[in-house]
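Participant: What follows is a single structure, and I will ask about it in a moment.
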Amino acid sequence: MKLKPPSCRFAVVGAGGPAGLAAMKVLSEELQSQPTPTEYELVGFEEREDIGGFWQVHSCVLPHPGQASSEGPISPMYDSMMTNLPYPIMCYASYRVPRSPPLFSNALAVQDYLREYAQHFNFRHRIIFGSRVTAATWDEASTQWKIVHLKAGKSETSYFDRLVVSTGRHPYVPEIPGFDTWLSSESRGYIHSSEYRNSVPYRGCHVLVIGDGPSAWDISEEIAPVASRTIRSIRSLSGSTASTDIRGAVSHFSLDGLVHFQDGTSAFVDRVVFTTGYQYDYSFLTQVPRHEPDFTSDHLYISGFHVYPLALSGHLTCTEIQYPIFYDHALVFSTSGAQIQYHQFYIGHPSCWQNNELLDGSGWPYSILSA
């Protein structure tokens, strides 16, 4: 007997990371609770080969600093990485593991937790791993999302009625005058902090770490004992610690190997580590124009950001909800679950997707939710 195809298909892009897992869990439960669950289908696309997102631990050895990395998404988990939030705050509200984990866990423990989360709520089989979405466009003829994804070198096309975008962020390396000239010497190299694993490649080197976040502190302090010299460049505050020379912002690089700082000083370096953060990449949403959110909007509620910072009113179709999971600048999994539960309501009630309701400011968007 031929099975009737589902009448409504849902796609989650970036399904293997914390935000995507929350989306998969909440939507999976919601669809299974429907009177006729076979009428619905939920499919997740994940570029990596396993669950974890940025928390996926790679055992491979990265190339020499300055050389091209292996193909595929990079995990920023270095060997000594530990969470900077305690376990009770960081985990999903709906799933506390039976054992008592360390208050601050390493990356492998976090990845194991995310795997257990997917197994506990039984939706891992819905995720297509090793599948990179290259384009997601709205097809007027079918009134569906046309999703092109690449798996094992083969391009495939699928159609969905609803689209959830929960992709992660990608390494950001700023453009600095003279950097390409400095890099032209084969004896010099650089990486983004997402490629850093340990201090071994930096033994005896003159290292510049650019940035002032937690990774910058961790990496510079780890490199300092083995490097000939370690300099950390931050936007303000000059000084030094017992192991690291702290300078101001970089002005430019030069061919002789010098890095020049805005305060007029300079120093020789042969390795640079950019701990300059990450940026969003929605290039696969080819119909969505680039947009800078208006932070002076009247529709604000106890926040520096608009309640729907990626809504792009007037540019997106009537069946899309952008998924700005980590706009509160903290990787708290419970935040993911709360936001997807809120978006879940609008996925099931398209008639409520009017601007005057979406932009109504206060109210139940800020209710306490758990997932």
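The values are calculated or read from the model by the stated rules, or taken from the named source; none is laboratory data. Just so you know, these numbers come straight off a predicted model, no measurement behind them. All Cβ positions, even for glycine, are placed from backbone atoms using ideal geometry, and neighbour counts span all protein chains on display.
Participant: Of the numbered conditions (1) among the aliphatic types (A, V, I, L, M); (2) within 23 Å of Ile191 (Cα to Cα); (3) modelled with pLDDT under 80, Val97 fails exactly one; give the number of that condition.
Facilitator: Of everything listed in (1) among the aliphatic types (A, V, I, L, M); (2) within 23 Å of Ile191 (Cα to Cα); (3) modelled with pLDDT under 80, Val97 misses just condition (2).
Participant: Please give the number of the condition Asp212 fails out of (1) out of contact with any helix residue (DSSP H, G or I) (no Cβ under 7 Å at 6 or more places or on another chain); (2) over 30 Å from Gln144 (Cα atoms); (3) in a strand (DSSP E or B).
Facilitator: (3)
Let's see how each residue does on (1) under 17 Å from Val43 (Cα atoms); (2) not in a helix (DSSP H, G or I):
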| position | (1), (2) |
| --- | --- |
| Tyr113 | no, no |
| Gln119 | yes, no |
| Ala135 | yes, yes |
| His149 | yes, yes |
| Pro174 | no, yes |
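Participant: Okay, next question. When region 256-283 is examined, which residues are found to be modelled with pLDDT of 95 or more and in a strand (DSSP E or B)?
Facilitator: Correct list: Leu258, Val259, His260, Phe261, Ser266, Ala267, Phe268, Arg271, Val272, Val273, Phe274.
Participant: Okay, next question. Which residue, of Ile231, Ile147, is surrounded by 21 or more Cβ atoms within 10 Å (Cβ to Cβ) and either closer than 24 Å to Phe261 by Cβ or touching a helix residue (DSSP H, G or I) at 6+ places or on another chain (Cβ under 9 Å) (or both)?
Facilitator: Going through Ile231, Ile147 in turn, just one is surrounded by 21 or more Cβ atoms within 10 Å (Cβ to Cβ) and either closer than 24 Å to Phe261 by Cβ or touching a helix residue (DSSP H, G or I) at 6+ places or on another chain (Cβ under 9 Å) (or both): Ile231.
Participant: Just the residues that are among the aromatic types (Phe, Trp, Tyr) and out of contact with any His (no Cβ under 8 Å at 6 or more places or on another chain), please, taken from region 15-47.
Facilitator: Within region 15-47, just Tyr40 meets the criteria.
Participant: Okay, moving on. Would you point out the residue of region 104-126, among those that are without any contact (Cβ under 8 Å) to a residue 12 or more places away in the chain and of a type outside the set (D, E, K, R), that is farthest from Asn84 (Cα to Cα)?
Facilitator: My answer is His125.
Participant: Residues that are in contact with a His (Cβ under 9 Å, 6 or more places away or on another chain), assigned to a strand (DSSP E or B), over 30 Å from Val12 (Cβ atoms) and among the aliphatic types (A, V, I, L, M): does region 218-237 have at least one?
Facilitator: Yes, region 218-237 contains a residue that is in contact with a His (Cβ under 9 Å, 6 or more places away or on another chain), assigned to a strand (DSSP E or B), over 30 Å from Val12 (Cβ atoms) and among the aliphatic types (A, V, I, L, M).
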